[in-house]
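The values are calculated or read from the model by the stated rules, or taken from the named source; none is laboratory data. Keep in mind that this is a model prediction, so the values were computed, not measured. Here the Cβ is made from the backbone with ideal geometry for all residues, glycine too, and neighbour counts use every protein chain on show. In case anyone asks, the SASA skips ligands and DNA or RNA and just uses the protein heavy atoms, side chains included. Shrake-Rupley method; radii C 1.70, N 1.55, O 1.52, S 1.80 Å.
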Amino acid sequence: VGQSRSSLDLRDVMDNRSILIANLAKGKIGEDCSALLGATLITKLQLAAMDRANAHESSRPDFYLYVDEFQNFSTDSFATILSEARKYRLNLIVANQFTTQLTEEIRDAVFGNVGSIVSFRVGSDSDADTLSKKFQPVFDRDDILRIPNYNTVTQILVGGIPTQPFSMATLAPLGNPNPQLAQALKQLSSAKFGRPKAAVESVIF
């Protein structure tokens, strides 16, 4: 990224179980850049996953794509990833505030493809209406609006068959952040994978 030839090989990242963290905070790079880079990365990951078609299924390690505030990057690629990419072992974990932030096509793709649904308390009436249909008759709309902190209403897929919805308690946040460790990991990553800025600029110029 930002070089005469990209050194970011997403297929290599997926196949070698590497960790790629992309900080696309709007406050740091701007809203337009954040949306453009996010959509580009997701499309490239989709293409890298599809490229696994030439590898035997047993040699495709699972790769997990976590996307926070994914309504900002919810292109048509998401619908394709949800419906087609699982056979290439690309697993998608997405988070956003409420379902009406999504386009109708993406929303339908999400609910049409997920097998297990875990719902914490929701604050939107439209979300409560949508989710209550998934958990009826055990839980209704008011139950979903009043779930206590760190508790969920859950329905999971076991052997391809949905279970009866049930409530579940989760763990409160564990541990404390370690800024020194984070900085050390950044420096290690830069030393291992990075190139000096002056060397890159000389090639570009």
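Taking the chain as a Gaussian network, where each spring joins two C-alpha atoms under 10 Å apart, which residue of G115, G123, G194 fluctuates the most?
G194
Return one number: the angle in degrees, 0 to 90 and rounded to the nearest 10, between the long axis of the Cα atoms of helix 104-113 and the longest principal axis of the Cα atoms of the chain.
80 degrees
Students often forget the sequence filter, so: which lysines lie under 29 Å Cα-Cα from K28 once same-chain residues fewer than 8 apart are removed?
Reachable lysines: K44, K186, K192, K197.
Can you give the angle from 0 to 90° between the axis of helix 31-50 and the longest principal axis of the chain, with both taken from C-alpha atoms, to the nearest 10?
90 degrees
Among R52, R60, R146, which one shows the biggest mean-square fluctuation in a GNM of the chain, springs joining Cα atoms closer than 10 Å?
Maximum fluctuation in the GNM of the chain, among the listed residues, is at R146.
Could you tell me what percent of the accessible area of segment 30-93 is made up of carbon and sulfur, with a 1.4 Å probe and every protein chain present?
Result for segment 30-93: 53 percent of the exposed heavy-atom area is carbon or sulfur.
Given the -39500 (n - 2.57) contribution per DSSP H run of 4+ residues, what per-residue ellipticity at 222 nm results for the chain, rounded to the nearest 500 deg cm²/dmol? Write down the numbers at each step before the final one.
Details: 9 runs with 88 residues, N = 205.
Value at 222 nm, helices only, nearest 500: -12500 deg cm²/dmol.
List the aspartates and glutamates whose Cα sits under 16 Å from the Cα of K133, skipping any in the same chain fewer than 8 residues away.
Leaving aside aspartates and glutamates fewer than 8 places away in the same chain, those within reach of K133 are D108, D125, D142, D143.
Could you give me the ³J(HN,Hα) list for segment 82-90, computed from phi with Karplus coefficients 6.51, -1.76, 1.60 and θ = phi - 60°, whole Hz, x at Gly and Pro?
Computed from phi, the couplings for segment 82-90 are 5, 8, 10, 7, 5, 5, 9, 6, 9 Hz.
For the chain, give the magnitude of the charge dipole about the Cα centre (Cβ charges: +1 Lys/Arg, -1 Asp/Glu; no others), in debye to the nearest 20. Provide the component values of the computation, followed by the final result.
On the way: 21 positive and 22 negative charges, 168 e Å.
So the magnitude is around 800 debye.
Can you check what the Kirkwood hydrodynamic radius comes to for the chain, Cα pairs only, in Å to one decimal?
19.9 Å
Could you give the distance between the Cα centres of segment 66-80 and segment 1-21, to the whole Å?
One Cα centre to the other: 19 Å.
With θ set to phi - 60° and the Karplus curve 6.51 cos²θ - 1.76 cosθ + 1.60, what are the ³J(HN,Hα) couplings of segment 20-26 in order, to the nearest whole Hz, using x for Gly and Pro?
Ordered by residue, 3J(HN,Hα) equals 10, 10, 10, 8, 10, 4, 4 Hz.
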